Amino acid sequence: MFFFKKEPPVRSQYNAVLLDDIDTAKRSWNRAAETEEAVVDEGDGRELTAQSELERQKYMLLFREAKQRNVRGRLQPSVFDK
């Protein structure tokens, strides 16, 4: 008869891409928060606050997806910068 290899689920193929996206989102969120702190002192920072919150929500969405998939990968590069 026919013997077919069972293909792995599509999600497992994209775990490395998900981890890269999480790292990128975290860096973007940190950069937005630093910009917000630096500029808010000078005046109205509602737009920067909204941008920072948007970046935070992007990161949290990706983080929840990784948690749901049980993806455990590498340490963030920011851990090694110190």
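General observations
- Phi to ³J(HN,Hα) by Karplus 6.51 cos²θ - 1.76 cosθ + 1.60 over region 23-32, Hz, x for Gly, Pro: 4, 5, 5, 5, 4, 5, 5, 4, 5, 5
- Orientation-averaged projected area, Cα convex hull of region 10-70 (nm²): 4.1
Every read-out reported here was derived from the displayed coordinates using simple, explicitly stated rules and does not represent laboratory data. These numbers come from a predicted model, not from an experiment.
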